[in-house]
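Chemist: One structure is given below, represented as structure tokens, and several questions about it will come after.
Every read-out reported here was derived from the displayed coordinates using simple, explicitly stated rules and does not represent laboratory data. Values in this document were obtained by computation on a predicted structure and should not be read as measured data. Here the Cβ positions follow ideal geometry from the backbone for every residue, glycine too, while neighbour counts run over all protein chains shown.
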Amino acid sequence: MAETADRAPVNRVDTQLVHAHGIAALVTLLIAVIFGIVVSLQFIFPDLTGGWLPLGWGRLRFAHTQGIMLGWLGNAFLAFLYHAVPVLTGYTVTSRNLGRWLFAIWNFAVMAPGWILVLSGVSQPLEWAEFPLVVDVFVVIALLLAAAQFLPPFFKRSLERLYVSSWYIIGALVFTLLAFPMGNIVPEFVPGAAGAAISGLWIHDAVGLFVTPLALAILYFVIPAATGRPIYSHFLSMLGFWGLFFWYPLNGTHHYVFSVIPMEAQLGAIAASALLGVVVVFVVANLMLSQRGAGLLPKEIGLRFVSMSVLFYLVVSVQGASQAQMALNKAVHFTDWVVGHSHLAMLGFATFAAIGGIIHAWQRIPWARYNGRALEWAYWLLTVGIWIMFIDLTLAGLVQAEIWQSGAPWLDSLRASEPYWIVRALTAIPVGGGFIMLLVGITTGPRGAGATAVSDELLRNPVKAIAPERVAVSAAVSDRDIRPPGRGLVMAYIVASVAGIGFFALSVSLLGIWPGRVLAEQSALMAPDFSLRPTDAAERGRRIYAREGCAYCHSQQIRYTAADTARFGAPTLAWETRFDYPHLMGTRRIGPDLSRASGTRTANWHYVHLFAPRTVVPLSLMPSYSSLFDGAPDKPRQEARDLVAYLESLGQAREIAWPDGDEKARAAAGDNKWALMSLDAPLLNAHTAKTRPRGDAPKLAKSDANELGAQLWKDNCAGCHGLDGRGDGPASAWLIPAPTNLTVRRYSRDYLADVLWNGVHNTSMPAWRDHSAANRAALVEVVRNFADIADTALPAPADLVLGKRVYAENCAECHGDTGNGNGFFAKELPIAPTNFGAEQPSQAESVRVLQLGIAGTSMAPWTDRLTEDEILAVSHYVRNFFDVSGEPAENNR
Amino acid sequence: MISNFIVISSIILALIFTLAWLARPSLRKRIEAPKHFFQEQLQQYNRELRDTRNSNTVPPDGQ
């Protein structure tokens, strides 16, 4: 039980627990940062971890964010609470034994198993909630223990003596206890967009109701303690407290602006975000005014960290309020802008506050080692590193936003981001170095040196040390001004608790439960009558997709924006996500959205892409998932098959429902302009790589952009067709049908324009519609220049006669009487027969194809049905179909 | 509807706080009191820390 206030405050602080959590904080921080560094390096070296799944990008990403939030900040906050609560209340925390249990559970039942499980593939794909449910149970137990440990001392004090830090501590402990189970457990049982609405609340509650209140508790604690002067205005601080606890929980849906979540909820969150920004300006003004006299760069190192934290808080909050607004959100959502924002929040604002709190407590542990010089290094390294990282990611986000809005090829955004990702990875040097120096700072140096770092003058007469105009406490206020404890006090606690918990309930009702009901109604009304549930294989694949963090690079929500509709197709309707437990809507796009992945690529392409991504997409950043195969893409294990089955199922239900199945949806949509935007979209699947029937391609003029063409070829085509167009690129051995050898064929310009525009259906040759006409024209010339068939021997007239007969008897039913690939049987074939009017193989190639066939197509070998003479004759004959108009005369043989 | 509710309730809350601040001088004094009490607690803590810091540089369990 908590002891009375008789003990001296110094002895009421359990320095052992401060020390234990402080060390644990730094150790978990360094581990989490190592995860983050590897993740950042994988943007530059995607195969850094060799395709070994436990060190795959997604799993490390899960471990990184959970490590920062729960391991580092959780331990740091607990360390600070063991110091602050006795000072704030005059009472010890509940029990040292309880503290030992809390320490053990937090680090050995949450952090260690959480990381091990996540890296082993047991996780949940929810932002800031990646540890699996079994670990979540222990987090809740730990939060209950924390509440039992730290709350009772506060309830022994008069409410009206409760300093703002105390309010924040109470608020954080109570609200996190409510918000954590909601955000971590509920989305597992609420499907799709409705689950995302809850998940969105937690994304913001994790920052706004756990991290921010405890960070602000530190700022409000350390600033007056270090300056020796009360904060500028307690009124403003309380205004900030109630404002933050009212508006923060109402922000959550701003993570899903332009999604299918009801616009009313989105607008509410956007309004709350703007108001929150206003409140933060008041909070920051108060905190800055409270530091007056300490200088822009306070001498005291703990205060200096706290001071920078305040600045970070201002920037990150104004940025957050801005990026929630639709005009900006439309562009920067899913980009590195948001990643910069979250790093500034967690590694800037919260981390600097936590460091300030730890240093402050450390300086007051008489037996703790303390190395002030190392802490100075830590400050400068971290300040420089975090600012560079933030600015770099913000700029990267703007660049990505510009490219995405322009409709330029997706890979352009990867190429443009590369320099920024290199800089971000390089910030690992100052940031990692800073954290190492921080650990050095609190584990080396003489014992008790921290106490001497706090000037004798400050300890003796804190107010005079910095602020000569001290206002005597007794003169400022007396006990007569304070309502006496008693029934009024109890009532005040009840009112405050009801108000606080009411805010939380309000946010969950308005932005979680209500949108969920609306979405459920929409699903029921708009879903097609048939129920296209995922197959068992697709369901298993979905779990692999979730486990490997695919949703952290590929969103599954086509937003209700012009740019998304043009690039990916009709915006996602609520019913499309109704089988997603939990949702995989995503918060970042490094790769393209996959809502309509079905029918966009062949299974064969997916296998090759998963096994060796850069063989088919040379600029791809995707890590290799070669562990899902037995050594080659043509030897997929069951997990690879399941994953591809899942990818091929994405968007399939809507595809089948479209366009007839949407009549019911259209009737239900009424005048809902957002639903109509989806139903009236020009294309259900606008994915640029999706193959389409030939015939509607824009004509391309002759291009002389040779350098552009060569670069485009290298970046986009060489992986399959090879640098020289011989069809021998790195992926060629695995693709069925194999990539075409372009040196033994010549093509008409219009035909190539068509292939680039529409792709070749049921092959790995995608459409390249996202490339400009200039790009496609340049590529057409590259392909035409590969052709080297001028030395083909001319046929004898008799050969042509024989060839004509053989062709009519054996080939015309597919290739058509005129060789245009439009024989009566052509439509039945999965891959269209060659159009000899637009494609002329060399005679040798013609013979080769007739002898060997083309694997993966309907073109079989003819050696068992045709004689050598017949093969030779028909090989000459088909070449005559080629339309030579517009071709250079020297090639017309 | 939700956004209207949020904005209107925010305005009402801001008005209540502002009017209370303007109309009740005693409230101003009372609401600022905790920061002074906290400062007293810090001073007391610092005094005791100064008195004890040189007498104990070994962790309680001799780590």
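Chemist: If packing is taken as the average count of other Cβ atoms within 10 Å, what order do A:293-304, A:627-638, A:187-198 fall into, highest mean first?
Modeler: Descending mean neighbour count gives A:187-198, A:293-304, A:627-638.
Chemist: Find the percent of Cα-Cα distances in region A:1-157 that exceed 19 Å, and round it to a whole number.
Modeler: Considering region A:1-157, 56 percent of its Cα-Cα pairs are separated by more than 19 Å.
Chemist: Pairing the Cα long axis of helix A:773-786 with the longest principal axis of chain A, what angle in degrees results, from 0 to 90 and rounded to the nearest 10?
Modeler: Value to nearest ten degrees: 50.
Chemist: What list of ³J(HN,Hα) couplings, whole Hz, do you get for region A:207-218 from phi and the Karplus terms 6.51, -1.76, 1.60, once you set θ to phi - 60° and write x for glycine and proline?
Modeler: Per-residue couplings from phi come out as 7, x, 10, 10, 6, 4, x, 6, 5, 5, 4, 5 Hz.
Chemist: How big is the charge dipole of region A:629-715 about its Cα centre, in debye rounded to the nearest 20, if each Lys and Arg gets +1 on its Cβ and each Asp and Glu gets -1 on its Cβ?
Modeler: Around 180 debye, computed over region A:629-715.
Chemist: Another question, then. For region A:516-567, which chymotrypsin sites (Phe, Trp or Tyr not before Pro) are both in a DSSP coil and crowded by at most 11 other Cβ atoms within 10 Å? List each step's numbers first, then the result.
Modeler: Numbers: sites: A:PHE530, A:TYR545, A:TYR552, A:TYR560; in loops: A:PHE530, A:TYR560.
Answer by residue number: A:PHE530.
Chemist: Return the ratio Rg/(2.2 N^0.38 Å) for region A:308-407, where Rg is computed over Cα atoms only. Could the numbers behind the result be given before it?
Modeler: Working: Rg = 17.0 Å, N = 100, 2.2 N^0.38 = 12.7 Å.
Cα Rg divided by the expected 2.2 N^0.38 Å: 1.35.
Chemist: To the nearest 10 degrees, how steeply does helix A:75-89 sit against the main Cα axis of chain A, on a 0 to 90 scale?
Modeler: Between the helix axis and the principal axis of chain A, the angle is about 20 degrees.
Chemist: Now a separate question. Order these by the 10 Å Cβ neighbour count, fewest first: A:PHE352, A:PHE154.
Modeler: On the way: A:PHE352 27, A:PHE154 19.
Least to most surrounded, the residues fall as A:PHE154, A:PHE352.
Chemist: Among A:ILE403, A:ILE44, which comes first, second and so on when ranked by fewest other beta-carbon atoms within 10 Å?
Modeler: Fewest-to-most Cβ neighbours within 10 Å comes out as A:ILE44, A:ILE403.
Chemist: Next up: Using only the Cα atoms, what convex hull volume per residue in Å³ does region A:96-236 have?
Modeler: 134
Chemist: Cut-off is 10 Å between beta-carbons; in what order do A:MET263, A:MET526 appear when sorted fewest neighbours first?
Modeler: Arranged by neighbour count, lowest to highest, A:MET263, A:MET526 become A:MET263, A:MET526.
Chemist: Still on this structure: On average, how many beta carbons from a partner chain sit within 10 Å of the beta carbon of a residue in A:224-230?
Modeler: Average per residue, whole number: 4.
Chemist: Give me a single rounded figure for A:231-244: the average over its residues of other chain Cβ atoms within 10 Å of their Cβ.
Modeler: Taking the mean over all residues of the peptide, I get 4.
Chemist: Would you grab the residues whose amide H sits under 5 Å from the one on A:GLY586? Only those 5+ places off in sequence or on another chain, please, with H modelled 1.01 Å from N.
Modeler: A:GLN556
Chemist: Mind pulling the angle between the C-alpha long axis of helix A:536-547 and the longest principal axis of chain A? Nearest 10 degrees, somewhere in 0 to 90.
Modeler: Value to nearest ten degrees: 50.
Chemist: Between A:SER497 and A:ASP671, how many nm apart are label points set 7 Å from Cα along the C-beta direction?
Modeler: 4.8
Chemist: Filter the trypsin sites (Lys or Arg not before Pro) in region A:737-790 to those in DSSP coil with at most 13 other Cβ atoms within 10 Å of their Cβ, and list the result.
Modeler: When the trypsin sites (Lys or Arg not before Pro) of region A:737-790 are filtered for loop state and at most 13 Cβ neighbours within 10 Å, nothing remains.
Chemist: Further question: Sort A:75-87, A:696-708, A:129-141 for me by packing, meaning the mean count of neighbouring Cβ atoms within 10 Å per residue, highest on top.
Modeler: A:75-87, A:129-141, A:696-708
Chemist: Now for a different question. What are the extents of the Cα atoms of region A:494-556 along their three principal axes, listed from largest to smallest and rounded to whole Å?
Modeler: If we take the Cα atoms of region A:494-556, the spans are 53, 33, 19 Å.
Chemist: Oh, and also: Using C-alpha positions alone, give me the convex hull volume of region A:182-250 per residue in cubic angstrom. Write out the running numbers ahead of the final one.
Modeler: On the way: hull volume 4.5 nm³, N = 69.
It comes to 66 Å³ per residue, whole-number rounded.
Chemist: I've got another one for you. Check which residues have an amide H placed less than 5 Å from A:ASN685's amide H, if you skip close sequence neighbours.
Modeler: Sorted by chain and number, the residues that satisfy this are A:ALA570.
Chemist: Quick one: net charge of A:THR427's neighbours, Cβ under 14 Å, K/R +1, D/E -1?
Modeler: Result for the local shell: -1.
Chemist: I've got another one for you. Taking the alpha carbon gyration tensor of region A:113-165, what are the square roots of 5 times its eigenvalues, largest first, to the nearest whole Å?
Modeler: Taking √(5λ) for each Cα gyration eigenvalue gives 35, 12, 7 Å.
Chemist: Then there is this: When 1/r is averaged over all different Cα pairs and the result inverted, which Kirkwood radius in Å belongs to region A:556-695?
Modeler: Over region A:556-695, the inverse of the mean reciprocal pair distance is 16.4 Å.
Chemist: What span do the alpha-carbon atoms of region A:33-96 cover on each of the three principal axes, reported in whole Å from largest to smallest?
Modeler: Projected onto its principal axes, the Cα set of region A:33-96 covers 55, 19, 12 Å.
Chemist: Using alpha carbons only, how many angstrom separate the centre of region A:550-615 from the centre of region A:326-395?
Modeler: Cα centroid to Cα centroid, the span is 33 Å.
Chemist: Which far-off residues, 5 or more places away or on another chain, put their amide H under 5 Å from the one on A:ARG745, with H placed in the peptide plane?
Modeler: Correct list: A:ASP788, A:SER842.
Chemist: Enter the mean projected area of the convex hull around the alpha-carbon atoms of region A:524-636, in nm², rounded to one decimal.
Modeler: The orientation-averaged projected area of the Cα hull of region A:524-636 comes to 8.1 nm².
Chemist: Related question: Is region A:777-857 rounded, prolate or oblate when judged by the Cα gyration tensor, a ≥ b ≥ c being the square roots of its eigenvalues, rounded requiring a/c under 1.5 and prolate requiring a/b larger than b/c?
Modeler: oblate
Chemist: Relative to 2.2 N^0.38 Å, what does the C-alpha radius of gyration of the protein assembly as shown come to as a ratio? Two decimals please.
Modeler: Against the compact-globule rule of thumb, the ratio is 1.12.
Chemist: Can you pull the semi-axes for region A:715-788, root of five times each eigenvalue of the Cα gyration tensor, sorted largest first, whole Å?
Modeler: 18, 14, 11
Chemist: Packing-wise, with mean Cβ within 10 Å as the measure, how do A:15-28, B:18-31 rank, highest first?
Modeler: In decreasing order of mean packing, A:15-28, B:18-31 become A:15-28, B:18-31.
Chemist: Please turn the phi angles of region B:29-34 into ³J(HN,Hα) values with the Karplus equation 6.51 cos²θ - 1.76 cosθ + 1.60 (θ = phi - 60°), one per residue in order, whole Hz, x for glycine and proline.
Modeler: Going residue by residue, I get 5, 5, 6, 8, 4, x Hz, with x marking Gly and Pro.
Chemist: Between beta-carbons, use under 15 Å as the cut-off and find the net charge around A:ALA63, counting Lys and Arg +1, Asp and Glu -1.
Modeler: That works out to 0.
Chemist: Let me ask something else. Whole-Hz ³J(HN,Hα) for each residue in region A:30-47, computed from phi via Karplus 6.51 cos²θ - 1.76 cosθ + 1.60 with θ = phi - 60°, x for glycine and proline: what do you get?
Modeler: Along region A:30-47, the couplings run 5, 5, 5, 5, 4, 4, x, 5, 4, 4, 5, 5, 5, 5, 9, 10, x, 9 Hz.
Chemist: Using alpha carbons only, what's the Rg to Rh ratio of region A:633-743 with Rh from Kirkwood?
Modeler: 1.11
Chemist: Can you give the local net charge around A:SER598? Use residues other than it whose beta-carbon is closer than 12 angstrom to its beta-carbon, Lys and Arg +1, Asp and Glu -1.
Modeler: +1
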